[in-house]
Amino acid sequence: MDRRKLLKGAGALGAALTGLGGASTAAGRHRYPSVRIINTNEPLRGGEWFRLTARITNHGSARLRGNARLIVGNDPDQVDSRYVSLASNQSTTVTLGYRTYPVQTRDVFPVRVRCENESDSRIISVAPAP
């Protein structure tokens, strides 16, 4: 099953890029940015720094401006943010992260990168520290 459908169906919210506007087309429809998670630093142990890198591409004709926010878990929590500004047809990568919580048993939770109506998501796993 597609992870995005699984996360949407479960109502889970992981890592989010929000506050970025899309541009209108002549037909009145919006062209949104594309978002793709390109890297994480898994595998992780509790207490280690989690890092996620995502590529954002502005497909609209107007400049895209806003904060990239990293939100993790089934009970969404914002843990990091970065400002993003992209001209039309421009791409950039953003790296967001936070220190994971110490865990006694393996913990699995969603992370999502979201921009306007587009998103990419992953399920990550954090193992107990030795």
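Please treat every number below as a calculation from the coordinates, not as lab data. Computed from a predicted model, the values in this text were never measured in an experiment. Neighbour counts run over all protein chains shown; Cβ positions are idealised from the backbone, glycine included.
What are the ³J(HN,Hα) couplings of the stretch 64-78, residue after residue, when phi is run through the Karplus curve with 6.51, -1.76, 1.60 and θ = phi - 60°? Round to Hz, x for glycine and proline.
So the Karplus estimates, Gly and Pro as x, are 9, 9, x, 9, 8, 10, 9, 10, 10, x, 6, 10, x, 9, 6 Hz.
Determine ³J(HN,Hα), in whole Hz, for all residues of the stretch 39-49 in sequence, where each value follows from phi through the Karplus function 6.51 cos²θ - 1.76 cosθ + 1.60 and θ = phi - 60°; x replaces Gly and Pro.
Listing the rounded values in order: 6, 9, 9, 5, x, 10, 10, x, x, 7, 7 Hz.
Please list 50-62, 72-84, 103-115 highest first by mean number of surrounding beta-carbon atoms within 10 Å per residue. Can you show the working numbers first?
Working: 50-62: 19.8, 72-84: 15.4, 103-115: 17.8.
Packing proxy ranking, top to bottom: 50-62, 103-115, 72-84.
Using 20 Å as the cut-off for backbone N distance, which residues of the stretch 106-130 belong to the label zone defined by a point 7 Å from the Cα of residue 98 along Cα→Cβ?
106-116, 119-129
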